[in-house]
Amino acid sequence: MSTLSAPTGLLIGGEWVQTERRLAVMDPATFTVLAEVGDASVAEGLDAVSAAWDGFQSWSVTPARVRAEVLRRAFEIMSSELETCARIISLENGKAWRDAMGEAAYAAEFFRWFSEEASRIEGGFRYAPGRDKTIITDHRPMGVAFMITPWNFPAAMATRKLAPALAAGCTAILKPASETPLTALWVADVLQRAGAPAGVVNVITTTRTGDVSSAILADRRVATLSFTGSTFVGKMLLKQTAERVLPSSMELGGNAPFVVFEGADVDAAISGAMVAKMRNGGAACTAANRFYVHESLAAQFATKLETAFAALKVGPGIDQANDLGAMVSGKERDKILELLETAAAEGLDITPASTAPATGAFIAPYVVKDVLHGSALTTNEIFGPVAPIVSFATEDEGVAMANDTEYGLISYVYAKDPGSGVKLARRMESGMVAINRGLASDPAAPFGGMKESGLGREGGFAGIHEFLETQYYAVDL
Ligand code: NAP
């Protein structure tokens, strides 16, 4: 165990395995080492496959009711230890305390939702139209699920995969991001304490990501890949899974438009914008990336957003007085600073709305006005507290600009009333649309994207089906 109450070994077959090589976990607010965790080799990755394969033989036939009870206990344990979880998240990821607590609670909810779904997996029965046979459909667990998660929601991205997989009767090998492994190890420990049998949950942390992951994907005992991360890595993994025609669920990057149409309530749009942009310091795949505001409201919207940004206090996330924490690493902060330099070279006024500490991976929030659609801030996923504002003249123009991207995860629509909002939502090319609100994510809702934002859905009723195979029995009854 680290001083943060998180285990530091690999979890293989119910045992915490220490490795000779270690992976250092940094606190991005101070650039100091928080802990060292295991650094798995290819052989240890394959040990995890063996453990998950062995675990699957009994877990897949364990009554759904029993699987549900393990998940329910995990929900209860996690809910009673939210502060422990939030502390680990905030320290290794950098995010503000309020965001970390919000994530911990959201993450726990996936255990509750899928504990309820575990015992509701449906089958089907009907006669073939010619009455020559009956058609019975069954849903069976796919098998060993390999899961790769990003650093921006280290708890929720893990539970959004682990909970449906275990509910379906699959076993898991989780590979968390190298920047934030402690949260995933803590979540796995919760499942162990909740009674998940040996081999049902395995966790591999590694710096040899490509090699370990390729070996796991090539192993025929692995039945599915569930990936959350960048579109770039997702495409690379899809090429590998194509080799084995491996089912793959992909939750990828975003470039969410936040569109304020004529007649919308500007103050309500500002409240929504603060959530859609600033949750997680802007480091969310669902973060509002580009603000399109009708020309009649643009100046007012920009001034009010600047005032709201100016009030934000930036500093170590673990200090509850701060509204914005650190970016996950100096590298991630520098990517955002480079994007701002490009924007300045494009002639835009780049002035911070507030201040940030000089040491640590901090960045002040920025509102960038008079941005042209198509410039760097509108075509790149910013992943930080920067809000570019573009104005538009007609509804068609606003919709066209919003859809003019290869991504399609989420759109935010502010309209004069919910009815107009729904009409506009139908024109958005995204898997999710938040109408007159700044947050859409919910464990009970299907989360996922269109276009290059992904394949499949997590959460809701759909989430468990990413881990189930449909099997049809033709019988003469
Ligand atoms: P990333 O660089 O794609 O990394 C995500 C995961 O992929 C990490 O665990 C990483 O491991 C692993 N990885 C990297 N290279 C790999 C390879 N060659 N083979 C196998 N795995 C590999 O993304 P990120 O920077 O962590 O996360 C930010 C991105 O995730 C953004 O684009 C964001 O939009 C997206 N995201 C999407 C969703 C969604 O639900 N749609 C949710 C959250 C985030 P290492 O850390 O060891 O490199």
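The values are calculated or read from the model by the stated rules, or taken from the named source; none is laboratory data. Predicted, not measured: the structure shown is a model, and the values here were computed from it. As a convention, Cβ positions derive from the backbone with ideal geometry for all residues, glycine included, and neighbour counts pool all protein chains shown. When the accessible area is computed, the model is the full protein with side chains, heavy atoms only, and any ligands, DNA or RNA have been set aside. Shrake-Rupley method; radii C 1.70, N 1.55, O 1.52, S 1.80 Å.
At-a-glance table
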| quantity | calculated |
| --- | --- |
| Normalised per residue, the volume of the convex hull around the Cα set of region 1-89 (Å³) | 111 Å³ |
| In degrees, nearest ten, helix 181-193 long axis to first principal axis of the chain (Cα) | 40 degrees |
| Under 5 Å, built H, 5+ apart or other chain: amide partners of residue 412 | 258, 259, 434 |
| Quotient of C-alpha Rg and 2.2 N^0.38 Å, computed over the chain | 1.00 |
| Rounded accessible area of residue 329 (nearest 10 Å², 1.4 Å probe) | 20 Å² |
| Protein accessible area in the chain, 1.4 Å probe - carbon and sulfur % | 53 percent |
| Accessible area expressed per residue, region 256-443, with surrounding protein chains retained (probe 1.4 Å, Å²) | 39 Å² |
| Helical mean residue ellipticity (222 nm; -39500 (n - 2.57) per DSSP H run of 4+; nearest 500) of the chain | -12000 deg cm²/dmol |
| Counting DSSP beta bridges with both ends in region 81-187, the antiparallel % (nearest 5) | 45 percent |
| Point-to-point label distance, residue 476-residue 43, nm (Cα→Cβ direction, 7 Å offset) | 5.7 nm |
| Proportion of all alpha-carbon pairs of region 132-276 beyond 22 Å (%) | 49 percent |
| Segment residue 342-residue 275, extension gain: residue separation times 0.36 nm, minus the distance between their alpha carbons | 21.5 nm |
| On Cα atoms only, tilt of 64-80 relative to the major axis of the chain in degrees | 40 degrees |
| Gain on full stretching of the segment that runs from residue 50 to residue 232 - 0.36 nm per residue minus C-alpha separation | 62.6 nm |
| Cα centroid separation - region 112-146 against region 263-330, whole Å | 44 Å |
| Range of Cα positions in region 256-443 per principal axis (Å), largest first | 47, 39, 30 |
| Rounded to 5, percent antiparallel among DSSP beta bridges of the chain | 45 percent |
| Most to least accessible of 205, 394 (protein chains only, probe 1.4 Å) | 394, 205 |
| For region 141-147, 3J(HN,Hα) per residue [Karplus equation, 6.51 cos²θ - 1.76 cosθ + 1.60, θ = phi - 60°, Hz, x = Gly/Pro] | x, 5, x, 7, 9, 9, 10 |
| Antiparallel DSSP beta bridges within region 256-443, percent to nearest 5 | 5 percent |
| Accessible surface, region 1-126, averaged per residue in Å² (probe 1.4 Å) | 44 Å² |
| Heavy atoms of residue 427 accessible to a 1.4 Å probe, total area in Å² rounded to 10 | 100 Å² |
| Reachable lysines from residue 161, criterion Cα separation under 24 angstrom, eight or more residues apart if same chain | 95, 175, 235, 239, 451 |
| Degrees separating the helix 42-59 axis from the principal Cα axis of the chain, which is the longest one | 60 degrees |
